[in-house]
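Nothing in this text is a laboratory measurement; each read-out follows from the coordinates by a stated rule. Given the structure is predicted, the values throughout are model-derived calculations rather than measurements. Every residue, glycine among them, receives a Cβ derived from its backbone with ideal geometry; neighbour counts consider all protein chains shown.
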């Protein structure tokens, strides 16, 4: 077994887990890398970005992951993985993502639905762009170690021997055909974060490709849009003498966050009270 592990702070603890099996090497992207087998006798370069749950959430909220780390991984590796150590749970009362710490729960500052959708977007859109970046999650250090080993072993196997899903029972399958045209934007393209955002917006019901493009152009990254209030989204110009408007803004905000903009609701109520006072009805 020969893997490359970056000796810097984030991945340094992994080195002692692979005594005599790893090479310490500064990596341009990711924490772990190795060569493996791809289809048609190709040699693939595989990368793994290792993050604790807290760090992943922080890089997601700051924009560091999709703005810097993801494009670098996709540029360097044929297939990459994000290995998240630590399991978050849904707080059923608040809808927030929480992490269990003994008998206590730590709020991660993200809504569970938004966290899940973000991970889905990373996997789906990177795959559509031709450079898959897949999410793996582990409970703790021992499971992290075994996941890295399993991933390494998977790619050491000759490609033609991966038959688990390539030889299904076709007697029970429906015959279907489809065509899929994908506009590929490479990870080293400076507009790549906008492309990811546009693709994500286009998945929202009744958000067209052109409107998605205008909003993606304005905000640049998913993280920037996630911090925007609904009222701001309403004012984004999406056509000649036309802004996004209330319905579109509400649909985008609630799809991304999983809840309504409570500040927007409060402002509407406040405006209504002020109107009543001005007319003397509220006196």
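Couple of notes before you dig in:
- Only helices enter the 222 nm calculation for the chain: every DSSP H run of n ≥ 4 contributes -39,500 (n - 2.57), and dividing by all residues gives -12500 deg cm²/dmol, rounded to 500.
- Antiparallel DSSP beta bridges within the range 1-82, as percent of all bridges there, nearest 5: 55 percent
- Based on the reciprocal of the average 1/r between different C-alpha atoms, the Kirkwood radius for the chain equals 21.6 Å.
- Pairwise inverse Cα distances across the range 3-159, averaged and inverted, put the Kirkwood hydrodynamic radius at 16.4 Å.
- For the range 192-263, the alpha-carbon radius of gyration amounts to 0.97 times the rule-of-thumb value 2.2 N^0.38 Å expected for a compact globular protein.
- Efficiency of FRET from Cβ geometry, residue 254 and residue 105, R₀ 25 Å, rounded to 0.05: 0.50
- Relative to the 2.2 N^0.38 Å rule of thumb, the range 1-84 has a C-alpha radius of gyration ratio of 1.12.
- Of all DSSP bridge pairs formed entirely within the chain, close to 55 percent run antiparallel.
- Potential extension, residue 16-residue 243 segment - 0.36 nm per residue separation minus Cα distance: 76.1 nm
- Computed log10 I(q)/I(0) for the range 66-172 at 0.16, 0.19, 0.21 Å⁻¹: -0.94, -1.13, -1.22, from the Debye equation with unit scatterers placed on every C-alpha and solvent omitted.
- The separation of the range 198-233 from the range 54-124, counted between C-alpha centres, amounts to 20 Å.
- In terms of packing, defined here as the mean over residues of other Cβ atoms within 10 angstrom, the peptides 103-114, 237-248 line up highest first as 103-114, 237-248.
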